[in-house]
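Trainee: I am attaching a structure below and will ask some questions about it afterwards.
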Amino acid sequence: MTGHYEIIFSVFAQIEDAVEARQNELKAQIKNLKSQQGRTLYVGNDDKFAKGCKSCLLGKGLTAIRKTNKCNIQCKFCYNYGEFDEIMPIGEGMWEIGGTKYYERDLDLLFSIHDKPTGVAYVYLEPFMEIEKYYPIIQKFHEHGVYQHLYTNGLLATEESLKALGEAGLDEIRFNLGASNCADIVIENMKLAKKYIKAVGIETPMTPEFFEGFFKKKEAILGTGFDFINCAELHLNPNNIDNYAGESLYLCRHGYISPIWSRELTLKFMKIADDEGWDIAVHDCSNYTKFARGLNQSAKEGKWFGANDYGCEFDAFPFEAFLPILEDETIEFLVEEEMPDIIF
């Protein structure tokens, strides 16, 4: 009931304050922590901070281009976990751009009317399931001077397909290295990608498995010559939250729900990168970053002051998911008060 929410929101706020205090302690240990205009944090080589991220956080925003509704693997952290058989196809010969369906022949009309975006991202499961369909679209956007990046788990990539992407004009490719548990074949494909595509990076939800797997193969991964790592704070939705049952979770600004260990591992990862002087950019793509992204996009779109599409991905808060953190003895509230006497 409405009257309960004063207590509920108070608890969420105390959890968030406690989690942010832990994060701030970890940030303080990173000697050379940097910021992109207060919108996100990173360490390392400024020149290698992903331009696709700059489009998202500083530019006109990032337009998603969707095509492939299938994947060759299933990851427990995937936002589409458990629903692969229910994901509708985009349509034969069609592409979803800005939420609208287009044929390739429609793109000239689109560019003649709309201002071109700072950048576009090819998302929606695994593009290498049908990568040959992407080459002419990438070439078209390249001709119009649009910065383009593409996400992949990297398992199906080949030297031939990576070369074709580079020749078509793809500017940046991001490997979800955690999806394959840092498989040797993906590490090798990262090295191949660097031969043909200017910017090569890793973008993976930060999990204990990825953290451990990366450092087991650190030398081989760093030896690929890649440019950046985006350590995404894992956030949960109705599809994947059951895979993390029992974990200590927090609610960030009444929006994304995340395990507390995800960003903490990112900050520990960044400290190691900074201490060891890796010649890459390591980006803390946190829930705060997503919040800033939403503000930037709404401002560039001319929406009202304060507008933001950042929000909770649950129709109703999954209250029971927060019981473990209330029982977690390592979490201490910064301030504790007696419960108020409330009559409902």
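Trainee: Name the residue from Asn176, Pro117, Asn153 whose Cα lies farthest towards the positive end of the charge dipole of the range 30-189, charges +1 on Cβ of Lys and Arg and -1 on Cβ of Asp and Glu.
Mentor: Sorting the options by dipole projection puts first Pro117.
Trainee: Where only protein heavy atoms count, and the probe is 1.4 Å, what is the accessible area per residue for the range 27-94 in Å²?
Mentor: On the way: 3660 Å² over 68 residues.
Averaged over the residues of the range 27-94, the accessible area is 54 Å².
Trainee: So, one more: Rg (Å, one decimal) plus Dmax (Å, integer) for the alpha carbons of the range 190-229?
Mentor: Every Cα atom of the range 190-229 included, Rg and Dmax give 10.8, 32 Å.
Trainee: In addition: Run the numbers for Asp47 and Ile73: contour at 0.36 nm per residue of separation, minus the present Cα-Cα distance, in nm.
Mentor: 6.0 nm
Trainee: Does anyone have the angle between helix 184-196 and the longest principal axis of the chain? Alpha-carbon axes, 0 to 90°, nearest 10?
Mentor: 50 degrees
Trainee: To test your reading of the geometry: what angle, between 0 and 90 degrees and rounded to tens, separates the Cα axis of helix 159-168 from the longest principal axis of the chain?
Mentor: It is inclined by approximately 80 degrees.
Trainee: Now for a different question. Build a GNM of the chain with springs between Cα atoms under 10 Å: which of Asn287, Asn153, Asn308 gets the top mean-square fluctuation?
Mentor: Looking only at Asn287, Asn153, Asn308, the biggest GNM fluctuation is shown by Asn308.
Trainee: Then there is this: Going by alpha carbons, how many degrees (0 to 90, nearest 10) lie between the helix axis of 287-300 and the longest principal axis of the chain?
Mentor: 60 degrees
Trainee: Diagonalise the Cα gyration tensor of the range 1-149 and give the resulting equivalent ellipsoid semi-axes, square root of 5 times each eigenvalue, largest first, whole Å.
Mentor: On the way: eigenvalues 255, 114, 57 Å².
They are 36, 24, 17 Å, listed largest first.
Trainee: Where q = 0.10, 0.11, 0.17 Å⁻¹, what log10 of I(q)/I(0) comes from the Debye formula for the range 221-317, counting one point per Cα?
Mentor: Here log10 of I(q) over I(0) equals -0.36, -0.44, -0.88.
Trainee: Can you tell me what share of the DSSP beta bridges in the range 96-243 is antiparallel? A percent to the nearest 5 is fine. Mind dumping the intermediate values first?
Mentor: Values: 2 of 19 bridges.
So the antiparallel bridges amount to about 10 percent of the total.
Trainee: Also: What is the antiparallel percent of DSSP beta bridges lying wholly in the chain, to the nearest 5? Present the calculation step by step, with values, prior to reporting the outcome.
Mentor: Numbers: 16 of 43 bridges.
Close to 35 percent.
Trainee: Follow-up. At q = 0.06, 0.07, 0.08, 0.15 Å⁻¹, what log₁₀ I(q)/I(0) does the chain have when each alpha carbon counts as one equal point scatterer in the Debye sum?
Mentor: Listed by q, the Debye log ratios stand at -0.23, -0.31, -0.41, -1.41.
Trainee: A further question follows. Describe numerically, in nm with one decimal, the distance between label points set 7 Å from Cα along Cα→Cβ at Phe215 and at Lys300.
Mentor: 3.6 nm
Trainee: While we're on this one: Seen from all sides and averaged, what is the projected area of the convex hull of the Cα atoms in the range 162-215, in nm²?
Mentor: Details: hull surface 14.3 nm².
That works out to 3.6 nm².
The values are calculated or read from the model by the stated rules, or taken from the named source; none is laboratory data. These numbers come from a predicted model, not from an experiment. Cβ atoms come from the backbone with ideal geometry, glycine included; neighbour counts cover every protein chain shown. Just the protein is used for accessible areas: all its heavy atoms, side chains included, with ligands, DNA and RNA removed. Shrake-Rupley method; radii C 1.70, N 1.55, O 1.52, S 1.80 Å.
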